[in-house]
Each structure stands twice: as C-alpha cells, then as structure tokens.
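Working notes for the structure below.
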Amino acid sequence: MKKILSIGILSILMACNGTDTPDKDPDIETPHVNSGIAAPALLSYNIIAEHPHDTGAYTQGLQFLNGKMYEGTGDFESSSLRITDYKTGKVEKVHKMGTADIFGEGITILNGKIYQLTWESNIVYVYDLKDISKPIKTFKWASEGWGITHNGKD
C-alpha cells in the first residue's frame, strides 16, 4: 500500500513541473496568427472613490439607476435581488429567492422591470422596479443563465 501511495504521489509531483504549457521543440517555429482584430488599447485609470459593500454578497448582476445600485446575487440558498445605497453600502430592500435549486445570476432593468436570470434552473424572474418584494412573473428560458442585457427595447 505504501509503495502504491508513493508511486501516486511521485506521479502527481512529476506532472506538476511548474509550467502552464507543454515543453516546446526549439526546432519547430510556432507561427503568429493574426486575427485581423486590433489589440485592445491600454487604458489608464484613477480611483476616484471607494464605497462599502457586503462582502458576503456573491455579485452576479449589477446595475446603477437613479442613484441606486441594483444587485443580483448568487450562491443557491443565498441568492437575492437587492437595492443598495452604494455610497453607504446599506441594503435598502432585499428579496431572497435562492433555494437548493435556484442560483441567481445576471440582472437587467428595462421599462420599469428588473429581469433576473437563474443559472441552471432555466427560470427568469421579473420584478416591478418599484417593488422587489416578490416577482410579478416568471418564465422559462431555453438555456442556463449567466449575464443579461438589453438594447433599449428587447
């Protein structure tokens, strides 16, 4: 048993050689592939403010509207939709919607409604922007949800 364990550990250590790529043959030239897309520009930035935030919130969707921060959080049992005063970090309203089967994901706001995707349960929750205490409707989505946005009408 000790011999098998030693061989297993040795195999793992040998596989972890500290490189992320396999060894390359120095005689084989790797061609540069040009995608035709310009490299992204490097942008400089300055931090102009820092605001408190609930570190227990597993943020999946985030949107600012009329001075408020709307946040969809995930993590099954802890999933929620919340409205926060981003300057103070105080959660003003929260709707807990997570269960063992529901993992909240991205959100978007369109025409006075908040749409919140779920990860694997294929459900979209729709809330009235003025009252997030409960969804005003739900509907099925064809695939698992991640992020959501809109184009101003759809």
Do any GluC sites (Glu not before Pro) in segment 70-144 lie in a DSSP loop with no more than 13 other beta carbon atoms within 10 Å, and if so, which? GLU120, GLU144
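For PHE76 and ASN46 in the same chain, what is the full-extension length gain: residue separation times 0.36 nm, less their Cα-Cα distance, in nm? Before the final figure, lay out each step's value.
Working: separation 30, 0.36 × 30 = 10.80 nm, distance 3.54 nm.
Gain on extension, PHE76 to ASN46, equals 7.3 nm.
Please give the length that would be gained between LEU110 and LYS87 if that part of the chain were fully extended, namely 0.36 nm times their separation in residues minus their C-alpha to C-alpha distance (nm, one decimal).
Values: separation 23, 0.36 × 23 = 8.28 nm, distance 2.37 nm.
Extra length from LEU110 to LYS87 when fully extended: 5.9 nm.
As an exercise, identify the chymotrypsin sites (Phe, Trp or Tyr not before Pro) in segment 29-98 lying in DSSP coil whose Cβ has no more than 10 other Cβ atoms within 10 Å.
Within segment 29-98, the qualifying chymotrypsin sites (Phe, Trp or Tyr not before Pro) (loop, at most 10 other Cβ atoms within 10 Å) are TYR45.
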Using a 1.4 Å probe and counting only protein heavy atoms, arrange HIS150, HIS95, HIS51 so the residue with the most accessible area comes first. HIS51, HIS150, HIS95
So for SER143, SER35, SER44, what's the accessible-area order with a 1.4 Å probe, most first? SER44, SER35, SER143
Kindly list the residues of segment 82-119 that lie in the label zone of VAL126, defined by a backbone N under 18 Å from the point 7 Å along the Cα-to-C-beta vector. 105-118
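How about segment 31-129: which trypsin sites (Lys or Arg not before Pro) there are in a DSSP loop, with at most 13 other Cβ atoms within 10 Å of their Cβ?
Sparse-neighbourhood loop trypsin sites (Lys or Arg not before Pro): LYS87.
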If you average the sequence gap of Cα pairs under 8 Å that are 6 or more apart and divide by the length of segment 23-154, what percent do you get for the contact order? 16
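For segment 76-123, what class follows from the C-alpha gyration tensor (a ≥ b ≥ c being the square roots of its eigenvalues): rounded when a/c is under 1.5, otherwise prolate if a/b is larger than b/c, else oblate? List each step's numbers first, then the result.
Values: a/c = 2.79, a/b = 1.39, b/c = 2.00.
Since a/c reaches 1.5 but b/c is at least a/b, the shape of segment 76-123 is classed as oblate.
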Which entries of LYS90/LYS153; LYS96/LYS130; LYS90/LYS137 show an alpha-carbon separation above 25 angstrom in the structure shown? LYS90/LYS153; LYS90/LYS137
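The values are calculated or read from the model by the stated rules, or taken from the named source; none is laboratory data. Being a predicted model, the structure only gives us computed values, none of them experimental. Reconstructed Cβ throughout: ideal geometry from the backbone, glycine too, with neighbour counts over all protein chains shown. What goes into the accessible areas is simple: the full protein's heavy atoms, side chains included, and nothing from ligands, DNA or RNA. Shrake-Rupley method; radii C 1.70, N 1.55, O 1.52, S 1.80 Å.
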